[in-house]
1. Is it the case that residue 58 is touching an Asp or Glu at 6+ places or on another chain (Cβ under 6 Å) and open to solvent by 20 Å² or more (accessible area, probe 1.4 Å)?
2. Kindly check whether there is at least one residue in the stretch 251-266 that is open to solvent by 50 Å² or more (accessible area, probe 1.4 Å), at pLDDT 85 or above and on the phi < 0 side of the Ramachandran plot.
3. Would you confirm whether or not the stretch 116-137 contains a residue that is aliphatic (A, V, I, L, M), closer than 22 Å to residue 11 by Cα and open to solvent by less than 30 Å² (accessible area, probe 1.4 Å)?
4. Only one of these conditions is not met by residue 270: (1) open to solvent by 80 Å² or more (accessible area, probe 1.4 Å); (2) modelled with pLDDT under 90. Which number is it?
5. Can you confirm whether residue 310 is closer than 26 Å to residue 12 by Cβ, open to solvent by 30 Å² or more (accessible area, probe 1.4 Å) and charged (D, E, K, R)?
6. Take the conditions among the polar types (S, T, N, Q), touching a residue at least 12 places away in the same chain (Cβ under 8 Å) and exposed (fewer than 15 other Cβ atoms within 10 Å of the Cβ) and apply them to residue 150. Does it pass?
7. Can you pull out the residues in the stretch 32-44 that are crowded, with 18+ Cβ neighbours inside 10 Å and in a helix (DSSP H, G or I)?
8. What are the residues in the stretch 1-31 that are among the polar types (S, T, N, Q) and either outside any helix (DSSP H, G or I) or at pLDDT 90 or above (or both), if any?
Amino acid sequence: MLDRAALRTRPTRTEMVLAGGVVVLGTGEVWVPFSSRQGSGSGIAATVGVVLVAVALLWSRREPLLAVLGFPVVWGLVGLLSPTYLLFYGAMVPLEIAVFMAARFGRGRTPLYAAAVAAASLLGLDLFVSLMQDPGEITFHWTVTALVWSAGFGLRTLERRAHASMRRAIDAEVGAAELAMRAVVDERARIARELHDIVAHSVSSMVVQAGAAEAAADDADYVRSTLASIRSTGNDALAEMRRLVSVLRVTDDAPLAPQPRLAALPALVERTTAEGTPTRLKVSGEAGELPAGVDLALYRIVQEALTNVRRHARASRCEVCLHYGPDAVSVEVVDDGPGGADDTSGSGHGLIGMRERADLYGGELVAGPMPSGGFAVRATLPLSPTSGR
């Protein structure tokens, strides 16, 4: 099964690049040194501070408030233990990165808490660090921090609005498809009732006429006219049946089907098995009526994950787990192949699309290689309507 804790604590590529950049620029600023280094102090203490704030940036997207708190905590402790330099790349840049990530990706009130921590940190510098008390310096670092936070929060707001618009469009599309399918089903039921009435009336008429002909078997003329009437009634009934059945028939040129739902997962798993990857479906929890958009999103996530397994994983087996919870529904696709980590590391459009579908309904998608081998994708979508990040 998926090691969820390991996947959630593993730094993303973006976080590792940001942390590595801070270490390189910050240590260079200390030891080269760069002109941005101010004051005097211990190079070793400053280097330790740079490395620690860079480590805090490894959680800047998943736990952005932790990264923002890293600035006052790390540099406060370093300053208490040993005199240190005032750094731009090793101190201020990590703070601005953490503030941006908190405003951009923080959930709930995290952006506001991050802004409060950053403001308190800057106020402490203005009050207790003489090099930061120049009016021009105060104006610079407060203005830059405010702009960085505003840019991150603005992008967050735009993304949430885009997600809300996309979600409404998907819900409208699913609803329209369901209404169209319901209308077709209702119309076909009406046609079926008409067909039943026509056939029942015609057969009843033929039975009555056949009985009359049998009773008057000695009257050849009456029998012939009755048989002719039976033949005519039968021909009319057959013609009407052909006309109505042609309306009911669905041609290959214009297939009509509802949007796929989780109820179609067994067929999807069977197709995956038939195409060469033995796949098993496990369902747990009490199934209930799901919102149409959530139902479709979960099906598409499993469909894309199984497509990746067939194309890239080179797996000998795969397992799909569907769990109905009281507040959320989760799906998990796990394979034992060696190819998943290389081909679906996060840069592929398929994995991006799965994450977008999960985010769209306020859910979470975790994907990555497992310590024991193989690759796993797990998505959890809440049942109550929530907006994405």
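The values are calculated or read from the model by the stated rules, or taken from the named source; none is laboratory data. Because the structure is predicted, anything quoted here is derived from the model rather than measured. Backbone-built Cβ (ideal geometry, glycine too); neighbour counts: all protein chains shown. Areas reflect the complete protein model, heavy atoms only, side chains present, ligands, DNA and RNA absent. Shrake-Rupley method; radii C 1.70, N 1.55, O 1.52, S 1.80 Å.
1. Details: touching an Asp or Glu at 6+ places or on another chain (Cβ under 6 Å): yes; open to solvent by 20 Å² or more (accessible area, probe 1.4 Å): yes.
In short, yes.
2. yes
3. Residues of the stretch 116-137 aliphatic (A, V, I, L, M): 116-120, 122-123, 125, 127, 129, 131-132.
Subset that is closer than 22 Å to residue 11 by Cα: none.
So far as the stretch 116-137 goes, no, none of its residues is aliphatic (A, V, I, L, M), closer than 22 Å to residue 11 by Cα and open to solvent by less than 30 Å² (accessible area, probe 1.4 Å).
4. Tallying (1) open to solvent by 80 Å² or more (accessible area, probe 1.4 Å); (2) modelled with pLDDT under 90, residue 270 fails exactly one: (2).
5. no
6. Working: among the polar types (S, T, N, Q): yes; touching a residue at least 12 places away in the same chain (Cβ under 8 Å): yes; exposed (fewer than 15 other Cβ atoms within 10 Å of the Cβ): yes.
Considered against the rule, which asks whether it is among the polar types (S, T, N, Q), touching a residue at least 12 places away in the same chain (Cβ under 8 Å) and exposed (fewer than 15 other Cβ atoms within 10 Å of the Cβ), residue 150 comes out as yes.
7. Matches in the stretch 32-44: none.
8. Our first condition is that a residue be among the polar types (S, T, N, Q); within the stretch 1-31, this holds for 9, 12, 14, 27.
Hits for the stretch 1-31 are 12, 27.
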